[in-house]
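What follows is calculated from the coordinates using simple rules that are stated; it is not laboratory data. Computed from a predicted model, the values in this text were never measured in an experiment. Virtual Cβ from ideal backbone geometry, glycine too; neighbours counted across all protein chains shown.
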Amino acid sequence: MPPRCSPASALFLPFLYPTLFRSLPRVPRAGLSTSAPASTSIVENGSDGTESSTTSEEIPVSRLNPSPDDYSISSFADKAKITILAGGGGHGCISFLREAFMADGPANGGDGGHGGNVYIQAVHGENSLHNLARRPIIRAGRGKTGQGSNRGGARGEDITIQVPIGTVVREIERIDPKVEENILYREARAKEREHAKLVREAEAAAQASEETGVGESEALQLNIDLPEPPEHPNAHNFVLYPGMSSGERRNLSLPRLSNRERLFAQPEPSIHLDLSVASPRPILLAAGGLGGLGNPHFVSKDRPRPLFATKGERAVRMQLELELKLLADVGFVGLPNAGKSTLLRALTRSRARVGNWAFTTLQPNIGTVVLDNHKGRPIIGEAPEPRKRFTIADIPGLIEGAHLDRGLGIEFLRHVERAGVLAFVIDLSAGDAVKALKSLWTEVSMYARMREDEEREREASERIDWQGDGTDFATGRMMVADLPEPATEPTGLYIAAKPWFVIATKGDLPGTEENFHKLKEYLDAITDGQEPHPSNVEHAWTEDCVVIPMINIGNDMK
Ligand SMILES: Nc1nc2c(ncn2[C@@H]2O[C@H](COP(=O)(O)OP(=O)(O)OP(=O)(O)O)[C@@H](O)[C@H]2O)c(=O)[nH]1
Ligand SMILES: [Mg+2]
């Protein structure tokens, strides 16, 4: 019988199930060769003479030169589109006191509970949006219906969406039933006024004919032409007593509903939040609907037993776009296989994956450099207090043409877009370092320009409005509010103006010295103003462009 697993799939088993192989003895791995990673078959053939000849040149496995399965990986998503639904209000109750010897007890229906609100909060400890990306609809609890004996319905449960710090929240669409209702109410009121005018005219004509005895036929005609009275403008907001007789239904006069005070005002459209610091308290995104009123609210001298209550408000629905831009102090930018993750592992306790092939890193990694671990510090510190730690972001490698979606594209640059300093990691053994630096800067400035364009388009689309009341889209006209023409074309200066430096890796490999000197000369020329900024953006940062050489980080960093 043929084996169920081909040898090729056995080769990938350590990648797919690293935990199964962790207990096996570690096999020294060729640090700089492109040979296959340690596999089970090599472990079994350890006594083979051919193996021992290759291992003599191999760099021993260490924290900085880990075996391919020694890495930590977590689910990560930096974008999510979610729909949030606030809770609808519970209906008011129609109820009357029932007691012995009291035939017609007073109204005692409770109010409906208010719907739950939806909040958002940026918190420490969250570092991905993958949970939200998997749960596209988030709804708060609905308010409970009121009960008899004046018992109010319970309030709907609030919901708080916890997101990582650095999340940008944008509202894409909002459906607010209250706005729709207001439009319908205005229409119904206009019809009502029209009808009242016709009635007044008919009455006046009838009176005139009574007085003068002429024009009787006209009055009669007006009475005949009188249309059916329009429906009460708030009719759809009421719940009627189910046991109502047809007579009661005919004589029912519903009151006008006044505007009620809200405890939580609906946030103004459109929401745009940049949660770049931890939110001390949750921020309201959508307020729940108000609960309906019970029948005791409508008791009056003329209406001692109201056979109606009001419905709870329907809930607002919003579509939001969340984008996570990791906030690190230093952002590593480099071509694939330049040694970014190795450097991150060397400087921090990150367990980013390292491998001698392109695109080892598929999602951003963040590491923290601890400058002061609170040991041996005087109790009373000197002001201003020195920085205790800073963070570094390592992103997947960029290749030339990444802005055209080559390789993994340039989308990952959003995670270094807000870094205070950019560190360009350049492999000295992989050809002309100056050319590599220039092409990296080209990609970064293309990304910055794209972002500026996007931002401008978004701003313009927010200023588009509809003429008319929004009910008739056929006659409505799209209007664009006066948008000041952009002063200049997008420049990408917001990234190019950041301080930056270069880290030149693999300086231990032969033939890299000359490349390093050329790179250093080029950077000195930029600092002296003899060469333009590598991105060719005017007024970009060129104050002190330095290059830091790194020698053999993979084994023993110098
Ligand atoms: N000789 C030598 N090798 C190095 C040095 N730094 C890194 N390496 C090796 O270079 C290879 C690539 O390192 P990575 O850290 O995975 O590179 P990366 O830039 O993160 O690559 P991507 O994730 O694909 O973008 C690994 O085999 C490292 O051991 C160095 O200073 N000297
Ligand atoms: Mg990497």
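Amide H contacts for residue 286 (H built 1.01 Å from N in the peptide plane; partners 5 or more residues away or on another chain; cut-off under 5 Å): 118. Note that segment 148-154 has calculated 3J(HN,Hα) couplings of x, 6, 6, 8, x, x, 6 Hz, one per residue in order, obtained from phi through the Karplus relation 6.51 cos²θ - 1.76 cosθ + 1.60 (θ = phi - 60°); glycine and proline are x. Note on 421, 163, 277: ascending count of other Cβ atoms within 10 Å places them as 277, 421, 163, the fewest first. Once the Cα-Cα distance is subtracted from the 0.36 nm per residue extended length, the residue 173 to residue 411 segment shows a gain of 83.3 nm. Sorting 501, 332 by the number of Cβ atoms found within 10 Å of their own Cβ, with the fewest placed first, yields 501, 332. Computed from backbone phi with θ = phi - 60° and the Karplus coefficients 6.51, -1.76 and 1.60, the 3J(HN,Hα) list for segment 254-270 is 8, x, 6, 9, 8, 5, 9, 6, 10, 7, 10, 7, 5, x, 4, x, 9 Hz; x is used for glycine and proline. Residues whose amide H lies under 5 Å from that of residue 160, counting only those 5 or more places away or on a different chain, are 119; hydrogens are built 1.01 Å from N in the peptide plane.
For a straight C-alpha distance cut-off of 30 angstrom, the lysines reachable from residue 438 (same-chain residues fewer than eight places away being disregarded) are 79, 325, 340, 498, 506, 518, 520, 558.
As a proxy for reagent exposure, ranking 343, 404, 509 by other Cβ atoms within 10 Å from fewest up yields 404, 509, 343. Using a Cα-Cα cut-off of under 23 Å, which lysines could be cross-linked to residue 178, ignoring same-chain neighbours fewer than 8 residues away? Those lysines meeting the cut-off are 144, 191, 311. Between residue 359 and residue 131, the simple spin-label model (points 7 angstrom out along Cα→Cβ) gives 3.0 nm.
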